[in-house]
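The values are calculated or read from the model by the stated rules, or taken from the named source; none is laboratory data. What you see is a predicted model, and the numbers here were worked out from it, not measured in a lab. Cβ sites come from the backbone with ideal geometry, for glycine too, and all protein chains shown count toward neighbours. Side chains are part of the model used for accessible areas, which takes the heavy atoms of the whole protein and leaves out ligands, DNA and RNA. Shrake-Rupley method; radii C 1.70, N 1.55, O 1.52, S 1.80 Å.
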Amino acid sequence: MEINIEKNTSSKYYDEVLSVMSNYKKLVKNPNQKIASIKRQATILTGISLIFLVIFAILYARDVTYSLYMYVVVIFAVALVLGIIYYLLINRRINSFKSVDSAKRLVVENDFVEMHVGSERTRLEMSEIQHILINNYSICFLPKNVNSKMIAVDVKYKDSILKAIDNKSLIIDNSSLY
């Protein structure tokens with residue numbers, strides 16, 4: 001079965017796919033779990049760094065003679081900068097995914113799943129697929145081998161994909177967790 005994939009401009013979709021990719025090892029072991037947004041995690045960690053930076057800067061300003069506060073302020077300042085850089089890199093990656101204008105096509109057969117993006121082709125044999133995760137915004141074909149590429153499509157193609165998959169034991173529906 002062939003499915004022509006429309007261009008997806010949803011940041012939530014790409015954030016979810018990146019979150020699945022970054023939590024690959026956890027999902028292979030336990031696929032029945034809600035995946036936290038990678039952008040949200042970066043925002044929370046950056047916010048925590050900012051809060052502690054302000055707290056220790058105030059403590060240092062009250063007692064300049066106690067130099068330990070200065071070291072802690074520097075550590076949290078570095079953590080804040082790294083958190084901002086991480087957040088910006090995530091947004092940059094999402095924007096690069098959104099800017100792909102090539103025609104996309106998903107081929108689902110009994111033996112394999114294949115994604116065509118322009119002239120590039122990613123193929124996963126059914127025997128190489130660990131799980132097919134249905135999340136809130138995406139359907140992800142998780143490979144058994146960490147070095148293989150993951151295939152992801154928008155959840156709006158769920159019905160077509162479910163009809164084409166014979167091995168229903170691979171399918172994990174996490175959409176109710178969100």
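The number of residues in segment 1-43 that are touching a residue at least 40 places away in the same chain (Cβ under 8 Å), part of a helix (DSSP H, G or I) and open to solvent by 70 Å² or more (accessible area, probe 1.4 Å) comes to 4.
Residues that are open to solvent by 80 Å² or more (accessible area, probe 1.4 Å): list the strands (runs of 3 or more DSSP E) wholly contained in segment 44-127 that include at least 2 such residues.
Numbers: elements: 104-108, 112-117, 120-125.
Answer list for segment 44-127: 120-125.
Scanning segment 133-178 for residues being among the acidic types (Asp, Glu) and within 15 Å of the chain's Cα centre (by Cα) gives a total of 1.
Of all the listed residues (166, 154, 159, 173), the sole one being surrounded by fewer than 14 Cβ atoms within 10 Å (Cβ to Cβ) and either closer than 19 Å to residue 19 by Cα or at pLDDT 90 or above (or both) is 159.
Among the residues of segment 91-134, those that are in contact with a strand residue (DSSP E or B) (Cβ under 8 Å, 6 or more places away or on another chain), free of Cβ contacts under 8 Å to residues at least 40 places away in the same chain and charged (D, E, K, R) comprise 111, 114, 121, 123, 125, 128.
Return a yes/no flag: does segment 118-128 have any residue that is more than 15 Å from the chain's Cα centre (by Cα), within 28 Å of residue 40 (Cα to Cα) and of a type outside the set (Lys, Arg).
For segment 118-128, residues more than 15 Å from the chain's Cα centre (by Cα), within 28 Å of residue 40 (Cα to Cα) and of a type outside the set (Lys, Arg): absent.
How many residues are among the charged types (D, E, K, R) and touching a Leu at 6+ places or on another chain (Cβ under 8 Å) if we restrict to segment 112-136? Lay out the reasoning, then the answer.
The first filter runs over segment 112-136 and keeps only residues among the charged types (D, E, K, R), leaving 114, 120-121, 123, 125, 128.
Narrowing further to those that are touching a Leu at 6+ places or on another chain (Cβ under 8 Å): 114.
The qualifying residues number 1.
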